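Notes for the one structure printed next.
The values are calculated or read from the model by the stated rules, or taken from the named source; none is laboratory data. Here the structure is a predicted model, which is why all the values come from computation and not from measurement. Here Cβ is always computed from backbone atoms with ideal geometry, including for glycine, and neighbour counts include all displayed protein chains.
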């Protein structure tokens with residue numbers, strides 16, 4: 001069951017990761033990250049994959065490499081420079097290496113894999129209309145939630 005609509009306010013200057021959606025009931029996990037990279041010049045890179053989710057990272061700042069492949073023998077690295085979106089479908093090994101030295105701002109999201117969506121044009125074309133309201137007559141309601149979790153920079157594991 002999905003949750004009801006809500007708003008999560010966050011501080012985009014707080015360092016670390018702020019988890020914005022992590023209900024366990026919705027079709028989306030989302031965090032905002034404002035932090036230094038822990039692997040700006042790695043020798044070995046531990047990659048991972050997700051069987052059940054697709055992953056996207058929207059990079060607002062920084063640059064680096066996107067490592068990706070079906071298995072160890074097919075891994076390649078692709079340069080990226082912000083702003084950009086990095087897409088990682090399920091069952092594909094991946095890792096983001098940030099080579100810039102400044103704080104990196106990004107949004108990470110997970111969505112269920114193997115659940116393709118129609119294009120925006122198709123979805124909006126099927127949207128149900130028929131409700132019209134007078135803006136000044138609408139009652140105001142607070143639906144804010146706190147950040148689900150905040151992992152400060154000092155708590156994020158760093159490679160040795």
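Structural remarks
- Odd one out for residue 87, checked against (1) under 13 Å from the mean Cα position of the chain (by Cα); (2) in a helix (DSSP H, G or I): (2)
- Checking every residue in region 71-84 against the condition of being touching a strand residue (DSSP E or B) at 6+ places or on another chain (Cβ under 8 Å), surrounded by 10 or more Cβ atoms within 10 Å (Cβ to Cβ), in contact (Cβ under 8 Å) with a residue 40 or more places away in the chain and over 22 Å from residue 34 (Cβ atoms) gives zero matches.
- Residue within region 131-145 that is assigned to a loop (DSSP other than H, G, I, E, B) and either touching a helix residue (DSSP H, G or I) at 6+ places or on another chain (Cβ under 6 Å) or in contact (Cβ under 8 Å) with a residue 24 or more places away in the chain (or both) present: yes
- Set 116, 139, 83: member being more than 24 Å from residue 46 (Cβ to Cβ) and modelled with pLDDT of 95 or more: 83
- Applying the condition of being buried (at least 18 other Cβ atoms within 10 Å of the Cβ) and under 15 Å from residue 81 (Cα atoms) to region 35-66 and asking which residue is modelled with the lowest pLDDT yields 37.
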